[in-house]
Each structure stands twice: as structure tokens, then as C-alpha cells.
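Taking it in order: structure first as C-alpha cells, then the write-up.
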Amino acid sequence: MDKARKPNSTRKPPEASESHAEIDDWIRRVMPDLHPIVAHVDATIRETLPDLRYAIKWKKAYYGLPDLGWIIEMVAYDVSVNVVFFGGADFDAPPPLGDTDRSRYVKLRILEEAQAPEMRRWIEQAGRVPGWR
């Protein structure tokens with residue numbers, strides 16, 4: 001029997017920090033082939049959204065804003081990077097993956113996917129909708 005995943009509301013959110021140091025350390029540890037993707041997404045998030053808070057929990061990078069909570073989660077697997085937008089269902093054109101609660105995500109396998117214009121648009125929209133608190 002499959003074990004059901006707990007919804008975000010029952011999991012304790014990460015502790016926020018104003019320092020990007022934990023994220024830098026996490027980026028250095030991702031698979032070498034994924035490093036350019038992760039570094040690009042991280043830079044785009046930081047360029048696009050002011051006043052960010054950061055955390056690492058469950059081997060995932062979290063980006064949040066004081067008034068909205070955690071808005072973006074990034075996780076690097078062996079061959080892809082998932083970027084989760086906690087309020088993605090509320091976006092004008094939501095990311096294509098995910099169908100539970102308000103989270104939507106995109107799976108990035110190559111740098112060009114991370115550089116696509118819709119990534120910046122989703123990051124911009126993430127800064128305007130409530131995330132995970």
C-alpha cells in the first residue's frame with residue numbers, strides 16, 4: 001500500500017533566513033550537469049524578487065517573502081530540476097505540472113528551459129500571490 005504524502009499544511013515550514021549562504025552551499029552540491037540550471041533559476045529569482053528569505057529543508061531550496069510566505073521551492077534530482085510555485089494555480093498561465101492544492105511546477109532538464117520567458121513570468125507572478133505559510 002502506498003503511503004500518502006502529507007499536505008503542506010501539516011508539514012512544518014522551513015526556518016527563514018535573510019542570508020543566501022545556505023542556498024549557495026546547496027547549489028555547490030547539486031549534480032554537475034544541473035548546476036547551470038540551478039544557478040540560473042536562483043539568479044533569476046533573486047533578480048526578480050526583492051526582500052527574499054531563504055531556507056534549505058528536506059534537501060530543497062526555498063524562497064519566500066515576508067508577507068506571502070514560501071513562494072518557490074527548487075529541488076535538484078539526478079537528471080532534472082523541479083521548480084514548484086506554491087501559488088501557481090493562481091497564475092495567469094500556470095506551470096504545466098501538478099494538480100493538487102494550489103501548487104504547480106515545471107521540470108527543467110536543460111538550461112534553455114530555465115531561460116525561457118515563461119520562467120521569469122512565473123517568478124514575477126509568484127511574488128504577487130500567497131504561498132505556503
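Structural remarks
- Checking each residue in the range 80-133 for being of a type in the set (Ser, Thr, Tyr), at pLDDT 95 or above and more than 22 Å from ARG53 (Cβ to Cβ) picks out only SER80.
- Test: residue in the range 79-88 that is open to solvent by 30 Å² or more (accessible area, probe 1.4 Å), without any contact (Cβ under 8 Å) to a residue 60 or more places away in the chain and of a type outside the set (Val, Ile, Thr): no
- Pairs linking a residue in the range 95-107 that is under 16 Å from VAL41 (Cβ atoms) and of a type outside the set (Gly, Ala, Ser) to a residue that is assigned to a loop (DSSP other than H, G, I, E, B) and open to solvent by less than 40 Å² (accessible area, probe 1.4 Å), with Cβ atoms under 8 Å and 6 or more positions apart or on different chains, are ARG104/PHE91; ARG104/PRO95; ARG104/GLY98; TYR105/PRO95; TYR105/GLY98; VAL106/PRO95; LYS107/SER80.
- When restricted to residues that are in contact (Cβ under 8 Å) with a residue 40 or more places away in the chain and either more than 16 Å from the chain's Cα centre (by Cα) or open to solvent by less than 60 Å² (accessible area, probe 1.4 Å) (or both), the range 13-22 contains 2.
- Scanning the range 79-133 for residues that are among the charged types (D, E, K, R) and in a strand (DSSP E or B) yields a count of 2.
- A search for C-beta distances below 7 Å between a residue of the range 113-133 that is aromatic (Phe, Trp, Tyr) and any residue that is not in a helix (DSSP H, G or I), counting only pairs 6+ apart in sequence or on different chains, returns TRP122/PHE85; TRP122/PHE91; TRP122/PRO95; TRP132/PRO13; TRP132/GLY69; TRP132/TRP70; TRP132/PHE86.
- Residue match in the range 53-74 (condition: in a helix (DSSP H, G or I), open to solvent by 70 Å² or more (accessible area, probe 1.4 Å) and of a type in the set (Lys, Arg)): no
- Checked against (1) open to solvent by less than 20 Å² (accessible area, probe 1.4 Å); (2) more than 13 Å from PRO13 (Cβ to Cβ), MET31 passes all but condition (1).
The values are calculated or read from the model by the stated rules, or taken from the named source; none is laboratory data. Just so it is clear, the structure is predicted and the values come from calculations on it, not from any experiment. Backbone-built Cβ (ideal geometry, glycine too); neighbour counts: all protein chains shown. The protein model used for the area step is the full one, side chains on, heavy atoms only, and it has no ligands, DNA or RNA in it. Shrake-Rupley method; radii C 1.70, N 1.55, O 1.52, S 1.80 Å.
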